[in-house]
Amino acid sequence: MRHRPTTAEALLWLGLRNRQIGGLKFRRQAPIGPFIADFFCPSARLVVEVDGITHAESATDAGRDAWMHNQGLRVFRVWHDDVLRNLEGVVASIRIAASDPSP
């Protein structure tokens with residue numbers, strides 16, 4: 001588990017913490033099975049991952065997403081640069097994803 005968040009993760013945490021999205025509680029660096037999620041909202045069953053360029057077309061990420069989907073979780077991936085350039089838009093997108101009840 002990483003002890004130091006990336007700049008984008010730290011910035012996004014400012015928008016997710018303290019139940020700022022519809023009263024939903026997000027956890028940072030949350031263990032889920034054999035994985036560590038950047039952010040996890042248990043009540044919405046939503047995993048939020050902040051990805052950099054190393055995640056582009058990653059087979060490892062595809063397998064991880066499939067495992068999480070099989071557990072009934074939804075994975076919402078955002079690009080590192082999008083968080084840095086448009087935090088408000090990313091948080092709004094997460095709010096929409098969290099309010100969608102479908103897995």
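The values are calculated or read from the model by the stated rules, or taken from the named source; none is laboratory data. Here the structure is a predicted model, which is why all the values come from computation and not from measurement. Cβ sites come from the backbone with ideal geometry, for glycine too, and all protein chains shown count toward neighbours.
For the range 61-87, filtered to residues that are touching a residue at least 40 places away in the same chain (Cβ under 8 Å) and of a type in the set (A, V, I, L, M, F, W, C), the residue that is nearest to A44 (Cα to Cα) is L73. Screening S43 on (1) surrounded by fewer than 17 Cβ atoms within 10 Å (Cβ to Cβ); (2) part of a strand (DSSP E or B) shows it passes everything except condition (2). Out of all the residues in the range 57-67, is one or more at pLDDT 90 or above, under 15 Å from I94 (Cα atoms), outside any loop (DSSP other than H, G, I, E, B) and of a type in the set (A, V, I, L, M, F, W, C)? The answer is no, given that none of the residues of the range 57-67 is at pLDDT 90 or above, under 15 Å from I94 (Cα atoms), outside any loop (DSSP other than H, G, I, E, B) and of a type in the set (A, V, I, L, M, F, W, C). The set of residues from the range 12-34 being surrounded by 16 or more Cβ atoms within 10 Å (Cβ to Cβ) and either basic (K, R) or farther than 17 Å from S99 by Cα (or both) comprises L12, W13, R28, A30, I32.
Does A92 qualify as being at pLDDT 95 or above and part of a helix (DSSP H, G or I)? So A92 fits the description; yes. Scanning the range 1-32 for residues that are at pLDDT 95 or above, part of a loop (DSSP other than H, G, I, E, B) and not charged (D, E, K, R) gives a single hit, F26.
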